[in-house]
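Presented below is the structure to which this report refers.
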Amino acid sequence: MKHTKRILLTTVALAAAAAGTLLAASVGNAAVPEAAPRLPVVKAPAALAVPDGNTLSGVFTGRGTQTYACTDGAWKLLEPAAVLTDRRDRPVALHSRGPVWVSTVDGSAVNASAVATSPKDGTIPELLLKATATRGTGVFGDVTYIQRLGTTGGVAPAGTCTGTDQVGVRYTATYAFYKAS
């Protein structure tokens, strides 16, 4: 009987200790709200400045390919294809012909067209794009402007081409998204 009572008391004590640890961890986590992620500072040429009344809502790194097609003997941009990642290098969106950006997290999307360009030697130009349509209420819902900055690579091959050849050229860029304030 003493042995059974000792086992029961030990079991109850262990259960109470475990419950206390779990409760403390839960209360501790609840007491410290997670801070909203701070967005990095975006530096853009004056020609690509976003109009007043818009606030930075997201900054992502894009890595992908600029695909060029041979058209009338010259390389012409066919489409971009890139994956956008967050600061922790987690995929958050796909970028493709349109141009369009689609969130892989919430399904929201934004289409845009270029309104200003800033050439850079040896790489594709930096761009300011204005949204032409949005879908959903997530990360890309209500986006008004997009900046493509810090570009590397992606330049069409030099020289002429023949036939219907296509070529992909790797590129990277930082994409900054804005919403109306």
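What follows is calculated from the coordinates using simple rules that are stated; it is not laboratory data. What you see is a predicted model; the values in this text were computed from it and never measured. Positions of Cβ are backbone-derived with ideal geometry, glycine not excepted, and every protein chain shown enters the neighbour counts.
Structure summary
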read-out: Ranked list, fewest to most other Cβ atoms within 10 Å of each Cβ, for GLU79, GLU126; value: GLU79, GLU126
read-out: Burial order of peptide ranges 62-74, 155-167 (average beta-carbon count within 10 Å, highest first); value: 62-74, 155-167
read-out: Per principal axis, descending, Cα span of the stretch 46-180 in whole Å; value: 45, 31, 27
